[in-house]
Amino acid sequence: MPVLRITKNGIHLCTVGSNDVWMFSADVHADIWGPACSLLTVTGGGKRRPDGSFDFLIWEMTHELRKGDHLVFSFEEGTESSPNGSLDDDDDDDDDASAEDEARTADFVVSEEEIARMEARPKSNPNCRWRFLAPNEQEIFVVPDDDRQSLNLHILWNEMRAHRMRASLSKTSLRETLSRSGGDEVFLNYFEHAVRIELIIEI
C-alpha cells in the first residue's frame, strides 16, 4: 500500500498513509489575484465506517507558498501517516484564501455582476509561473494569463485503485471554475508506485 510524502525545500511537510485513509488529495492553486504566490492543501478521507461515513482529515490547509519554494510529491511504499491528519480546520478564516477558492465550493449561482467584480480585482500575483517535473516528461512551464487566470495541480489516490496515483496540471478561468466546465488540461497521467513529482514556484 502507498503513502504520499511531501517535502518543501527539502524539509518534510507531511506524509499521508493508506493505513489511515481510503482516499487522499493534494492540491496546489494559484491565480493572478493572489495575494499568496500559491497555496497547498492536503486532505484525505479517513477509513470508512460500516455505515459508509468517514472523517475528513486535514494535513495542510491553504499552506502559503512563496517565490522559489520547491515541492516534491513522492508516491512510495508505506502505510503510516506523519503527522496524523487533523479533524480540525484551524484555517477556516484564513484571509489568504482567494475569492475564487470560496466560490469553488459555493452551492449557489454566482451572478454576472459578481463574476465581473471578481475578475476586476487588482492583480497582485500577475507574474506567477510554475515549473513542473514528472518522470519521463519534459519540464513544463505554466503561467496564468488574462484568459485563464488560475493554475491548478491536483494529485489524487483512492484504495479502489491502490496501485496508482492520478496527477493533473491545468489552467482555468474564473468562469470555468465557477461553472465546473474544465479548462486547459496541460498534463494528465496515472503513476504507479515509487514516483516523484516536483513543482517549483517561480516569479
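The values are calculated or read from the model by the stated rules, or taken from the named source; none is laboratory data. On a predicted model such as this, the values are computed, not experimentally measured, just so you know. Neighbour counts are summed over all protein chains in view; Cβ atoms, including those assigned to glycine, are modelled from backbone coordinates with ideal geometry. Remember, those area values only see protein heavy atoms, side chains included, never the ligands or the DNA or RNA. Shrake-Rupley method; radii C 1.70, N 1.55, O 1.52, S 1.80 Å.
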inquiry  = Just want the answer: with Cβ charges of +1 for Lys and Arg and -1 for Asp and Glu, which residue in Met1, Pro126, Gly34 is farthest toward the dipole's positive end in the chain?
reply    = Met1
note = Relative contact order in percent for the chain (Cα pairs under 8 Å, 6+ apart) equals 26 percent
note = Sequence order, segment 52-64: Karplus ³J(HN,Hα) from phi using 6.51 cos²θ - 1.76 cosθ + 1.60, θ = phi - 60°, Hz rounded, Gly and Pro as x, gives x, 6, 7, 8, 8, 10, 10, 9, 9, 10, 6, 5, 6
request  = Give, rounded to the nearest 20 debye, the magnitude of the charge dipole that the chain has about its Cα centre when Lys and Arg contribute +1 at Cβ and Asp and Glu contribute -1 at Cβ.
outcome  = 800 debye
note = log10 I(q)/I(0) for the chain, Debye formula on C-alpha points only (no solvent), q = 0.13, 0.18 Å⁻¹, two decimals, reads -0.73, -1.34
query = In straight Cα distance, which lysines are under 26 Å from Lys67, not counting same-chain residues fewer than 8 positions off?
reply = Lys8, Lys123, Lys171
request  = Leaving ligands, DNA and RNA out of it, work out the accessible area of Arg66 with a 1.4 Å probe and give it in Å² to the nearest 10.
outcome  = 150 Å²
query = What's the extension gain from Leu188 to Leu133 if we count 0.36 nm per residue and subtract their Cα-Cα distance?
reply = 18.6 nm
ask   = What is the Cα centroid distance between segment 118-133 and segment 21-81, reported in whole angstrom?
value = 21 Å
inquiry  = Give me the 1.4 Å probe accessible area per residue for segment 123-203, excluding ligands and nucleic acids, in Å².
reply    = 52 Å²
query = Using a 1.4 Å probe on the protein chains only, how many percent of the accessible area of segment 104-159 belongs to carbon and sulfur?
reply = 48 percent
ask   = Taking segment 1-95 on its own, what percent of its Cα-Cα pair distances exceed 17 Å?
value = 52 percent
inquiry  = What's the longest uninterrupted piece of the chain once you rule out the GluC sites (Glu not before Pro) that are loop residues per DSSP with at most 13 other Cβ within 10 Å?
reply    = 1-79
task = Specify the residue with the greatest mean-square fluctuation among Ala116, Ala30, Ala162, computed from a Gaussian network of the chain linking alpha-carbon atoms under 10 Å apart.
result = Ala116
